[in-house]
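S.K.: Let me give you the structure first, and then I'll get to my questions.
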Amino acid sequence: MTHEMSKPEQWLGLYGDVLYRYALSRVRNPDVAEDLVQETLLAGIKAKDNYAGQAAVQTWLIGILKHKIIDYFRKASREKTQEFDDRFATEEDDYFDQQGSWQIDLSSWSKPDKCLEQEQFIEVLQTCIDRLPPRMAQLFILRELDGMESEKICETLSISTLNNFWVMMSRVRVQLRHCLDLNWFGKQEL
Amino acid sequence: MLTCKEASHLASKSLDAKLTWRERFGLCLHIAMCGLCRRYVRDLKKLRAMMKAAGNSGQALVPEAVKLSEASRQRIKQALSKALHPSK
């Protein structure tokens, strides 16, 4: 048993903020993220005898947190989601005209790989994600941040068909891309 | 010929599923003639790469300066100490 493992009273100090940021980056709600940190640490205390010692304690705790996050998404998706999904998927948008052609500008994205090193860009990215309806943000985060398989996401978020999933992803992407365009990439090339 | 709206939908779908060859053919044909959709396809891939990098860095979607508030830290501390020392 590693040193940290034997002192669970230190976990909050050692890993609290890391767990909090991890949770917050996924659930996008400070109260929920705090609760998830608490639940994770409590579950960790209960399960610490099962800890096999291969992973670092932090990695082990994040593993527990991942499950808690998915449970949270699953619970949040139990009610009234079908109606919402149908509306989101069929709603008219401002991105295409009646003929189905682009009616927004698409600016060229230069050096997007360097962006994440810039604090301001990260703020813009967060703002754009937080502007999505929460359910759509969850969908996008599970898929793109955590790389979860489509089928698993449908099951977790109670999305009725894969086809609905693709339509929703497509709408999230166009919306997010446009938001990044307006608030970042469109401003870079003057 | 697909519309841009249809092409954008297929471009997104191609990141989550294997397109049928008919879909792939339609998308390629459209992209060959439409600069905006070409750009869109490229950007979706960049968006994906960006999110992947954000996921790997662990905190790119929340700045490192973000921490648990003192109040919640105290609350969690109490809950934990109850669990660690149930007799108290």
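The values are calculated or read from the model by the stated rules, or taken from the named source; none is laboratory data. What you see is a predicted model, and the numbers here were worked out from it, not measured in a lab. Cβ placement follows ideal geometry from the backbone for every residue including glycine, while neighbour counts extend to all protein chains displayed. The accessibility values were calculated without ligands, DNA or RNA, using every heavy atom of the protein model including side chains. Shrake-Rupley method; radii C 1.70, N 1.55, O 1.52, S 1.80 Å.
S.K.: Just to be sure I follow: if Rg is taken over the C-alpha atoms of chain A and Rh is the Kirkwood radius over the same atoms, what is Rg/Rh? The partial results should precede the final answer.
M.R.: Working: Rg = 19.6 Å, Rh = 18.8 Å.
Checking Rg against Rh, the ratio lands at 1.04.
S.K.: Between helix A:81-90 and chain A, what is the angle of the helix's C-alpha long axis to the longest principal axis, kept within 0 to 90° and rounded to the nearest 10?
M.R.: So the helix axis and the longest Cα principal axis differ by about 30 degrees.
S.K.: Tally Lys and Arg at +1 and Asp and Glu at -1 over the other residues with C-beta under 14 Å from the C-beta of B:Leu36: what net charge comes out? Kindly include the intermediate steps, with their values, before the conclusion.
M.R.: Numbers: positive: A:Arg177, B:Lys5, B:Arg38, B:Arg39, B:Arg42; negative: A:Asp97, A:Asp105, A:Asp181, B:Glu6, B:Asp43.
With Lys, Arg at +1 and Asp, Glu at -1, the net is 0.
S.K.: While we're on this one: I need to check one value: relative contact order of chain A, counting alpha carbon pairs closer than 8 Å and at least 6 residues apart, in percent.
M.R.: Details: 137 pairs, mean separation 41.5, N = 190.
Relative contact order here is 22 percent.
S.K.: Another question, then. How large is the direction-averaged shadow of the alpha-carbon convex hull of chain B, in nm²?
M.R.: Details: hull surface 39.7 nm².
Result: a mean projected hull area of 9.9 nm².
S.K.: Give me the dipole magnitude in Debye, nearest 20, for chain A about the Cα centre, with unit charges on the beta carbon: positive for Lys and Arg, negative for Asp and Glu.
M.R.: Working: 23 positive and 31 negative charges, 106 e Å.
Roughly 520 debye, rounded to the nearest 20.
S.K.: Cα to Cα, under 17 Å, and not fewer than 8 places away if on the same chain: which lysines meet these conditions relative to B:Lys5?
M.R.: Cross-link targets: B:Lys13.
S.K.: Using only the alpha carbons of the stretch A:8-76, determine the length spanned along each of the three principal axes and report them from longest to shortest in whole angstroms.
M.R.: Taking max minus min along each principal axis of the Cα atoms, the stretch A:8-76 gives 32, 23, 17 Å.
S.K.: Can you run the Rg to Rh ratio on the stretch A:81-188? Use alpha carbon positions and the Kirkwood inverse-distance Rh. Mind showing how you got there, number by number?
M.R.: On the way: Rg = 14.8 Å, Rh = 15.0 Å.
That ratio is 0.99, to two decimals.
S.K.: Here's another thing I want to ask about it. Output the 0 to 90 degree angle, nearest 10, between the alpha-carbon long axis of helix B:21-33 and the longest principal axis computed from the alpha carbons of chain B.
M.R.: Its long axis makes an angle of about 80 degrees.
S.K.: What cysteines in chain A have no other cysteine with a beta carbon less than 4.7 Å from their beta carbon?
M.R.: A:Cys115, A:Cys154
S.K.: Under a 5 Å amide H to amide H cut-off, with H placed in plane at 1.01 Å, what residues pair with A:Phe96 once short-range neighbours are removed?
M.R.: Amide H neighbours of A:Phe96, under 5 Å, 5+ apart: A:Gln103.
S.K.: Return the sequence-ordered ³J(HN,Hα) values of the stretch A:26-36 in whole Hz as given by the Karplus equation 6.51 cos²θ - 1.76 cosθ + 1.60 applied to θ = phi - 60°, using x for Gly and Pro.
M.R.: Per-residue couplings from phi come out as 9, 8, 6, 9, x, 5, 5, 4, 4, 4, 5 Hz.
S.K.: Loop-only check: which GluC sites (Glu not before Pro) in the stretch A:138-190 are DSSP coil with at most 15 other Cβ within 10 angstrom?
M.R.: Values: sites: A:Glu144, A:Glu149, A:Glu151, A:Glu155, A:Glu189; in loops: A:Glu149, A:Glu189.
Answer by residue number: A:Glu149, A:Glu189.
S.K.: Would you kindly work out the equivalent ellipsoid of the stretch A:102-144 from its C-alpha gyration tensor and give its semi-axes, the square roots of five times the eigenvalues, largest first in whole Å?
M.R.: Values: eigenvalues 80, 55, 21 Å².
Ellipsoid semi-axes (Å, largest first): 20, 17, 10.
S.K.: Give me the angle, in degrees from 0 to 90, between the Cα long axis of helix A:119-131 and the longest principal axis of the Cα atoms of chain A, rounded to the nearest 10.
M.R.: The angle comes out near 80 degrees.
S.K.: Turning to a different aspect of this structure: Below 12 angstrom from the Cβ of A:Gly100, what's the summed charge of the other residues (Lys, Arg +1; Asp, Glu -1)?
M.R.: -3
S.K.: Which listed residue (A:Tyr20, A:Ser108, A:Thr90) has the Cα farthest towards the positive end of the charge dipole for chain A, taking +1 on Lys and Arg C-beta and -1 on Asp and Glu C-beta about the Cα centre?
M.R.: About the Cα centre, the residue reaching furthest to the positive side is A:Tyr20.
S.K.: Hey, what does the equivalent ellipsoid look like for the stretch A:59-99, semi-axes from the Cα gyration tensor as sqrt of 5 times each eigenvalue, largest first, whole Å?
M.R.: Working: eigenvalues 242, 46, 4 Å².
Semi-axes, largest first: 35, 15, 4 Å.
S.K.: What is the percent carbon and sulfur in the accessible area of chain B, measuring with a 1.4 Å probe over the protein chains and ignoring ligands? Walk me through the numbers before you get to the answer.
M.R.: Details: 3070 of 5180 Å².
Carbon and sulfur atoms account for 59 percent of the accessible area of chain B.
S.K.: Along the Cα→Cβ direction, 7 angstrom out, place labels at A:Asn163 and B:Ala32. What is the inter-label distance in nm?
M.R.: So the two model labels end up 2.9 nm from each other.
S.K.: Determine, for chain A, the count of lysine pairs separated by eight or more sequence positions (or lying on different chains) whose alpha-carbon distance falls under 15 Å. Show your work: numbers first, answer last.
M.R.: On the way: A:Lys7/A:Lys46; A:Lys7/A:Lys48; A:Lys46/A:Lys68; A:Lys66/A:Lys75; A:Lys66/A:Lys152; A:Lys75/A:Lys152; A:Lys111/A:Lys187.
Lysine pairs meeting both conditions in chain A amount to 7.
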